[in-house]
Structures are given as C-alpha cells and as structure tokens.
Amino acid sequence: AARATQEILGEALERQIGNISASNHLPSNRKEELMDQLIRAEIQRTVWEAERRIKNTMYSATTFSLARLVKMPDRSQHLYITNVGDSRIYILRDGILLRVTQDDNLLTDALRSRRVTREEAVLVDQASDADALPSHLQVYFRNRNLINRSVGTLKGDTINVKRFVVLAGDRLVLASDGLTDQLKESVIKKYLLQAMDDRATERTLQTAADEMALRGTDPRAKPDDISVVVYTLDRTD
C-alpha cells in the first residue's frame, strides 16, 4: 500500500500537476478544476492498486489512511484525504483537534442508521471504559476494534476523497488505531500542543501508546500496531 502510494502520488503526480499549473492556455479556475479531478482520480487509483497488490501477497488486508498536500494556482494549500478502516487523520488548528476521517466500524454504522446520536458516538469513542457508558452503548466500546472495510477486501466500494483548505501552522496527524484506540483525543491534543518538533511529538505519542499497551491495565489498552505521522505546515510548503 505504501509503495503504491509513493509510485502513483509521488513524483509522477507532481509532474502532472506542474504541467497543468504551468499552462499558459488555461484560466486559473480551469487549472484548479483539472488538478482537482486528476488528484481525486489518482487517489482512488492508488487505493485500488493497493487492493490489487495486497490480494496478490500473503497478507489479507490493511487499514489505510492517505493524505496528499497540493498547492493550487492561487498558492493556497489543499489537503486531499481518503481512508479505509479505522486509521485516522486529524488536523490541529488554533488549539482545536479536528478528526477529518470516519472509521469503517460498528459505531459508524450505528451512527448512520441513527441507532446512536453523534454525541453518543463521541462519548463511546472517548470513553475511559465500557462501564462508564450507558448499557446500550457498551457494546460499541467493547467492539470498537472491529472494522467492516479494509484494503484487501474491497468489493466495488466507493472510495470517497475529501478536500480541505489548510493553512500555515496547521498540524496534520495520521495515526493507526493502535494509537487512537488507546490515547484519547484530549491526550493526543495535549502532546501536540506541548512540542512543536514533529519527530519529537511522534516519539512522545508512540511511547505513550506503547507504555499503555505494555502495562495492559487500562481498559483502553490493546496490543496492536501503533504508528503515527505528524506534519506541521509552514509558509514554505
């Protein structure tokens, strides 16, 4: 999945974007329209190429979160994202941590079918343990690690691509569920606000989740892949 992402969304895509941006025959709004169509199509192609490769290996499936920063003709920065499973992407801006992906799991299904409200879904996701929740919500906490979609098992699924305008100073966080199932969003935000060095922040988050998993005493603890990438936009991006 990582190799497919680099091959499709790396230098090859950058050259195509550059060709559109440098065109002397297109107005700015048409350039942005063509770039948007290209990027969305290439992100979707990346997911399906990752799907094909994973099916041809010994591995059964993976969660997948993808983010691509693009500078538009007007010099604004746009973030394109997609995700499959429960790996997450966050944006921290002005001290507010916003989750911009949606998990593919039992809780999201319940939210879509209105079996739970948005407030209840947040309550479940950020609960300390199942016993702290009303009885009708406890099942969602206990099964929060069960996903219903992954790369390697897609069958004609729609790959939704979202686009956000991002600003200098925004911090992007891509994290596996091993991190977000253990650390509450308030804890993640605390570490993001404590240090501005991205690599140091990654190590701090990783260590906190590792220690929780090793202790195994916290109801949110789980032995799972724990990975995180933090990236802060500056004015040179």
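Look at the range 202-215: where a residue is free of Cβ contacts under 8 Å to residues at least 24 places away in the same chain and a partner is part of a helix (DSSP H, G or I) and open to solvent by less than 100 Å² (accessible area, probe 1.4 Å), sitting 6+ places away or on another chain with Cβ atoms under 8 Å, you get Thr204/Tyr191. With respect to Met212, is the statement that it is aliphatic (A, V, I, L, M), more than 20 Å from Ser65 (Cβ to Cβ) and crowded, with 18+ Cβ neighbours inside 10 Å true? Answer is yes for this residue. Set side by side, the residues Ser87, Ser113 differ, and just one is modelled with pLDDT of 95 or more, closer than 19 Å to Val229 by Cα and of a type in the set (Gly, Ala, Ser), which is Ser87.
Scan the range 18-59 for residues that are in a helix (DSSP H, G or I) and more than 24 Å from Val84 (Cβ to Cβ) and jot them down.
Here is the first cut: in the range 18-59, the ones in a helix (DSSP H, G or I) are 18-21, 28-55.
Correct list: Gly18, Asn19, Ile20, Ser21, Ser28, Asn29, Arg30, Lys31, Glu32, Glu33, Leu34.
Out of everything in the range 4-53 that is closer than 18 Å to Leu69 by Cα and polar (S, T, N, Q), what residue ends up being modelled with the lowest pLDDT? By that ranking, first place goes to Ser21. Of all the residues in the range 180-205, those that are touching a helix residue (DSSP H, G or I) at 6+ places or on another chain (Cβ under 6 Å) and either under 27 Å from Glu49 (Cβ atoms) or surrounded by fewer than 16 Cβ atoms within 10 Å (Cβ to Cβ) (or both) number 1. For the range 195-226, filtered to residues that are at pLDDT 95 or above and polar (S, T, N, Q), the residue that is nearest to Asp94 (Cα to Cα) is Thr201. Look through the range 215-233, keep the residues that are farther than 18 Å from Ser176 by Cβ and within 20 Å of the chain's Cα centre (by Cα), and return whichever of them is surrounded by the most Cβ atoms within 10 Å (Cβ to Cβ). Ranking the qualifying residues of the range 215-233, first place goes to Leu233. The sole residue among Ala50, Ala22, Ala1 that is more than 23 Å from Asp234 (Cβ to Cβ) and open to solvent by 50 Å² or more (accessible area, probe 1.4 Å) is Ala22.
Conditions (1) over 25 Å from Asp198 (Cβ atoms); (2) among the aromatic types (Phe, Trp, Tyr); (3) in contact with a strand residue (DSSP E or B) (Cβ under 9 Å, 6 or more places away or on another chain), marked per residue:
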residue: Arg15; (1), (2), (3): yes, no, no
residue: Arg30; (1), (2), (3): yes, no, no
residue: Lys71; (1), (2), (3): no, no, yes
residue: Gln77; (1), (2), (3): no, no, yes
residue: Ile96; (1), (2), (3): no, no, no
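Condition check: over 21 Å from Tyr140 (Cα atoms), assigned to a helix (DSSP H, G or I) and aliphatic (A, V, I, L, M). Does Leu192 satisfy that? Judged against the criteria, Leu192 is a match.
The values are calculated or read from the model by the stated rules, or taken from the named source; none is laboratory data. A quick note: this is a predicted structure, and the numbers were derived from the prediction, not measured. Note that we place each Cβ from the backbone using ideal geometry, even for glycine, and neighbour counts take in every protein chain shown. Just the protein is used for accessible areas: all its heavy atoms, side chains included, with ligands, DNA and RNA removed. Shrake-Rupley method; radii C 1.70, N 1.55, O 1.52, S 1.80 Å.
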